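Below: the structure, in structure tokens.
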Amino acid sequence: MKKFICFAMSVLTAASISVQAKEEAQVNPYAASLSLVKPLDLPIQCARLVSQGEKSAQNTRAVQLVEAAVATHPTSTPAVVGAIARAVPELAAVAAARGCALQPKMTAAIVKAAASAAPNEAGRIVYSVCRALPYQYQTVANAASAAVPALGSEILGAITLAVPEMKPYVLEAAARARGDAATVPNVLASAATSAGTTRVARLAESAVVASAMPVMPPPRVGLPFVPLSGTPGEITPDSSGEVPEGGRDYATP
């Protein structure tokens, strides 16, 4: 009996040590230092820190900074994400996705801040945030288009890639849009009506708890493109949101 008790205690001790070691390994390296920073100085500090260190670790660093900022001053999340996006534009999508996952009620403000700070990354911001929160695709796209209205076609393309369930409805609505109605909010409102409330509800049901999801960086090339002008039925293989072999390189003039 004594041997059994000793064995059980040793197992419990080992398990306790393992859990403690795991928790220590997951401690955010920026949590302590950012907790001492004033809310108004937090965005500047995060922008400075995200630019330091190895470039290969920037994605992880951006996520950790957003997490630490949210834990310390959650209302500063949009400003922090915007500051990170301005400092390193290619991190805008990763920072925005993590911020929205942790603060879903602030999604519109976060996306708008990120897209305003890094306008060329608007499509990728929409893609990454919608992968984390697919049921908020309208909020995400509308906020991005408000910040960068000229990239409406790319924003709609990002929706078709991130939320494939909505792709046929978005393409149909975009093909019908005319004149002043050819805007991201109008197209997505029409698409949502066509899809019906059941399909939109399923997006929320199918979404994994976003705060527990790893943040995946968006594709650097190959985002689809949905035109907001043309005549009915003018959806061709070159302009329907399908990505050609090798993708589309938006960095090429």
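Read the figures in this text as sums done on the coordinates, not as results from a lab. All values derive from a computational prediction rather than experimental measurement. Note: ideal-geometry Cβ built from the backbone for every residue, glycine included; neighbour counts use all protein chains shown.
Observations, loosely collected:
- Peptides 32-43, 104-115, ordered by how many other C-beta atoms sit within 10 Å of their residues on average, highest first, read 104-115, 32-43.
- Across segment 36-212, Cα pairs under 8 Å and at least six residues apart give a relative contact order of 17 percent.
- Contact order normalised by residue count of segment 27-113, Cα under 8 Å, 6+ apart, percent: 30 percent
- Each residue of segment 73-87 is assigned a 3J(HN,Hα), and the resulting list reads 9, x, 5, 8, 3, x, 5, 5, 4, x, 5, 5, 5, 6, 6 Hz, derived from the Karplus form 6.51 cos²θ - 1.76 cosθ + 1.60 (θ = phi - 60°), x at Gly and Pro.
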